[in-house]
Structures are given as structure tokens and as C-alpha cells.
Amino acid sequence: MCGIVGAVASRNVQNILLEGLHRLEYRGYDSAGMAVLSEEGRLNRVRALGKVGALEARLGDSPLKGRVGIAHTRWATHGAPTEANAHPHQSGDSLAVVHNGIIENYETLKRELQGQGYVFTSETDTEVVAHLLAREYTLSQDLLTAVQKSVALLDGAFALGVIHRAQPDVLIGARQGSPLVIGVGIDEHFLASDQLALLQVTDRFIYLKEGDLVRMTAEQVEIFEQGERLITSTNERPIQIFEHAQDAASKGDYRHFMLKEIHEQSRVLAATLEGRLNGDRVLVRSFGSEAETLFSQVKQVQIVACGTSYHAGMVARYWIERLAGIPAAVEVASEFRYRPVVVADGTLFVTLSQSGETADTLSALRYAQSLGGFLGSLAICNVPGSSLVRESDLSLMTMAGPEIGVASTKAFTTQLVGLMLLTLALRRMRGGDDAGEAEVVRDLRALPGLVTKALAMDSEIERLSEAFADKHNALFLGRGTQFPIALEGALKLKEISYIHAEAYPAGELKHGPLALVDADMPVVAVAPNDELIEKLKSNLQEVRARGGELFVFADENISLEESEGVRVLRMPHVSELLAPILYTLPLQLLSYHVAVLKGTDVDQPRNLAKSVTVE
């Protein structure tokens, strides 16, 4: 995960690019760099190890002047964080490229290019792209043609920005599996990984689609679908006004941050997937340059987390054991570090945290490292540069963006997506069949659309919440992967409405909790169309027979009818594996609306803090 920004203008672009990098620093923090074509026709580059501030200091000493340029902030996947590995990468002194993504066939291309006399000075996959572009430019003498020919040879996910001194008024961009957006100005145009990088110069954007190439000058934008067909209709790639230019710390039109963050989930889940998939496969190197080597040795997984993240880990245990065939254990971080731990051979230590600074989780990681014996460590986290990320061997950044509400919503579901990517990566390295992986990847690609449909139930759930406003207790039920989701639903209700809520595997009712059920105890159940649905129906009958009032979120395809004391809300059909992600959403909305009715402080519930940085 890296960030790129480019500009072609009638003014000096250095500060535009620099501000863009500051706004993209959430995407990378290992190094940063910039290349600008001077008016004298020279290609000048400045790079620095560390955060964007280090690059800014260097530019203060050696400013770059020119009207065309590209810049980059890096999160390392191929090669250590060093200045030599920092972008932009060049081929000779004529061409420069910035790249976000992973080139899977770079080793084959590198050997081919070395055989043709190209000399490599970095460990990155991106330098392959630079030399490939240079070779094709030598043959065509046209930058657009060189990019078209080159991207056809690349396998992986990438977004590119390219400049060449022979065409000093041109900026080329390419998008395949990684985000890229065009900013439209007056006599100037921009490209970036995220429109937020360009809000200081424009609020008008063109969103590129998969396979698009773009050729930009200060006066003109030309977009080529699948790299070939010139798009002439503005209806195909319209200019759109960015309506939510407010800072992420603003609620916008929403009453609370929590509601805003619930409704952002379709977008952030798509962002978490972007750049991590290639066709019907997961890009294993999304987890880091050593991921393939490490994952191929994994024989067991130990997950450690707290609170909501712990529930995500519980879901992942089902996934990892079912799809990857690897034993998985999940433990609360605050307990893990206070017991003697026996480390099984080949165990991958996985930590989950929204902030990356959760004290118990961070201490558990350090304890695990002090024990020795673990194969390696992986952090799934929302904050680049956090302690957890820096101290782990591998990491995967979720793309939830800032989460202000104390009760975690979008951070949880993006963690689940990250854990499914991990599951598929482990499965691949253990020789799992391509067809099985492809099916799950297709379901993942469809997930953001299903999330939008589920969130459309908001008004219906708001009406339902009135049945909880005067209650003091509630039970949540689920089976299989839905039991952790029931736990998460109960936690949300506790956190923000202060209603005592508990969750149980539905099959456990008769072993004790059924004694609590009466007309004053609402019982919430999640009922996707999975292999346990008939057993769950029997458990629900046990509740109804004791006078309990049932509220069931059920797959639209199962036969479960409303009756006295039984409310059924129909959910969009979703694959069994991804049902935990989708069924989280109505429980988040339910807890929110109940809390609003009770008049509690939704975003800052009593006694709680967003990031728990003390034990």
C-alpha cells in the first residue's frame, strides 16, 4: 500500500505534490520521493528515507522547479525501506515512474531486462516497470504507446504515474487493481491514489476504471479504456464534484460519528480489497515482501486481540481451519501475556488492533517475541506507523480511515476482510485449489454492494429499536461463525446504550441461559442461510415456548415467518463464508438507534476510551 500523486500544470508543481504526499501519508511511511521535469528539460529527483517530513526538509535545501512531476510515499513490499528503494524510480536520466501495487511477474521480467543490458540499482519490483517503459519508449518514441505496451506485460495490481523528459508537457497514468483518480483543474490536471490528496487544488474528479490509461497535459485529458479505445463520451467517465470535502473529523450530514462510520462501510471494504486482488486471486505479497516465504511454513496460527478485534479473531478461526486446514487459536491479549505459553512449531503470531497502540495487544506481541519459537508476526491494523505495525514482521493495513466513534464499526468489518485475505493467502501457500479461492474472491468483490443493500434497512431497524428502549437486558444468539457476531452485537448494545446484553451459541440455551428468558428479555438472533439454519430454528422455538420475544435477522431465502412474538427482518442473500461481515451491520444499527432513543452519548460512551493505551 503506497500513495502516488502527479501534476501537470502551468505553474510550479512541487508544493502541490508535497501537500498531496502529506495527505497520503496514511498509505505509506517508509520513504518518500518526488521527480519533476524542469523547464530546461532535465529530470530532477529528490528522495528521503522516513516520513514525508524528511522529504520536505530535503526539498527545502534543494527545491524542485517545473510544471510536470510525480511523487510517492512508500509502504515497503519489495526491498527494505531505504533511499535506494524509494520512488520515483528511473531508467537512465530520461524517464521516471511511481507505482502503487505489486508486480507479480517482476522476477521473470527482471531477468529478461538484465539480459538486454539494463542495470538495476534497487530491490523493488517497480524498477522493472521503469526499465520496461524505457525499452518500449526506445522502440516507439511515444510515451503513451510505451505505457500501453508495458502494462500488457505486467501481472499484478498496480497504479502508475509516468513522465519522460522528451515529452515534458505529458503525464501518463494507468490503473489496474489499485486506485487512481484524476483531478480536474483550470489549465492543470492531477492524478492521485485518493481524491483526498488533491482537495487543496480541486473538488472535481474523474474516477478511472479497471484497465484505464490516461494521457494528461495541462489543457487536456484523454482516457483509454483497457488501454486502447479512446473514450470520447463524457458520460462514460464523467467529472464528479466531491461533495464531502469536509475533514474526516466532521460528522457531515450525520447526527453522530458512529452512524457516519456505519454507512461508510461499503466504501471502506472496497478500499481494503483494492490492490490486494489480481483477477480471482489474492496478492500474497500484500502482506509484505517476505509473506510468501513465511506463509509457506505456517503450521498453526495464534491470534491475539482485545474487545471487538477479539471477536474478529474468533470468526477468523473458523475460516482458517475450514479453508486453509491449519489449526488456529484465539486469545484475549490481556490474558495471553500472563500465562506460560507453549509455542507449537511453525506458529504464526497474528495481532489485531484498530489503533496499533492497544497496550495489552502490544504487550502480548512483545511477550511472544521474548519467548522465541514463533515463526513470525503479522499485524492487521488501521494505522500505518503505529507501534504494532513497526514491531511486527508483516502487516496488512485496513483502509477504514479515521474512526472517531468509540464503539468500533468500520474498523471491525475491515479487519474481517483482512482476515479473509489472510485465510486465502495461507490456503494458497498450502496448495489450495484455484477454483475454491476464485469463488471466495468473487464473493468478496460483490460484498460492498451487499453492504449497501443491508444498510438500506436503516429505517426499518430504527422502528424495531423502539422495542428495546425500556429494556434492561437482552440476549443475542448465533451459531458457527455467527456466534462471534452475536458477541459483537451484544458488546455494541452494552457499550453505547448501557443495556446489559449477553451472547451465547444458540445450542447452549438449554444448558443454562434459557432460565433467563421471559417476556421482558428480548432475544436477537442472526440467521444466515447456512448449514446450521435448521438447528437454529429449533433453538428459536425453545425461546418462543418460554414466552421470549424474538428479533431475527434472517436470509431472504429461508422459510421463517413472522408471528406473535417473532419479528423477522430479511437480509440480502450472502455466501455462508462472508455472512459474518454482512450480519454485523444490522446489529450495529440496532445498538445505535437504541442508544439514541435512550439519550446516551453515542460517540463517547461513559467510562470508555477509543484507544486503550494503558493496561
Every listed condition ((1) assigned to a strand (DSSP E or B); (2) free of Cβ contacts under 8 Å to residues at least 60 places away in the same chain) holds for residue 96 save (2)
Across region 495-528, which residue is surrounded by the fewest Cβ atoms within 10 Å (Cβ to Cβ) among those that are in contact with a Ser or Thr (Cβ under 8 Å, 6 or more places away or on another chain) and part of a helix (DSSP H, G or I)? 495
Just checking: which of the helices (runs of 4 or more DSSP H) contained wholly in region 101-191 hold 3 or more residues that are of a type in the set (S, T, N, Q)? 126-140, 143-151
Give region 218-243 a look and list any residue that's closer than 23 Å to residue 10 by Cα and crowded, with 18+ Cβ neighbours inside 10 Å, or say none. 218, 221, 223
Going through region 528-542 one residue at a time, which ones are touching an Asp or Glu at 6+ places or on another chain (Cβ under 6 Å) and of a type in the set (S, T, N, Q)? 529
Which residues, taken from region 102-129, are hydrophobic (A, V, I, L, M, F, W, C) and either without any contact (Cβ under 8 Å) to a residue 12 or more places away in the chain or in contact with a Gly (Cβ under 9 Å, 6 or more places away or on another chain) (or both)? 102, 103, 119, 120
Inspect all residues belonging to region 529-536 and state whether any of them is of a type in the set (Asp, Glu), buried (at least 16 other Cβ atoms within 10 Å of the Cβ) and in a helix (DSSP H, G or I). no
Of all residues in region 87-131, count the ones that are more than 21 Å from residue 193 (Cβ to Cβ), surrounded by 17 or more Cβ atoms within 10 Å (Cβ to Cβ) and among the aliphatic types (A, V, I, L, M). 2
Please find, among 592, 583, the residue that is assigned to a helix (DSSP H, G or I) and closer than 19 Å to residue 440 by Cα. 583
What residue, of 49, 24, is within 24 Å of the chain's Cα centre (by Cα), within 20 Å of residue 397 (Cβ to Cβ), of a type in the set (A, V, I, L, M) and not assigned by the TED database to the domain that holds residue 289? 24
Of everything in region 33-58, what is crowded, with 21+ Cβ neighbours inside 10 Å and either more than 17 Å from residue 96 (Cα to Cα) or at pLDDT below 95 (or both)? Give them in sequence order. 52, 55
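Yes or no, residue by residue, for (1) assigned to a loop (DSSP other than H, G, I, E, B); (2) among the acidic types (Asp, Glu); (3) modelled with pLDDT under 85:
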residue	(1), (2), (3)
232	yes, no, yes
235	yes, no, yes
243	yes, yes, yes
248	yes, no, yes
252	yes, no, yes
255	yes, no, no
261	no, yes, no
268	no, no, no
271	no, no, no
Consider region 274-331. How many of its residues are outside any loop (DSSP other than H, G, I, E, B), touching a Gly at 6+ places or on another chain (Cβ under 9 Å) and among the β-branched types (Val, Ile, Thr)? 3
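The values are calculated or read from the model by the stated rules, or taken from the named source; none is laboratory data. What you are looking at is a predicted structure, and each value in this text was computed from that prediction instead of being measured. Here the Cβ is made from the backbone with ideal geometry for all residues, glycine too, and neighbour counts use every protein chain on show.
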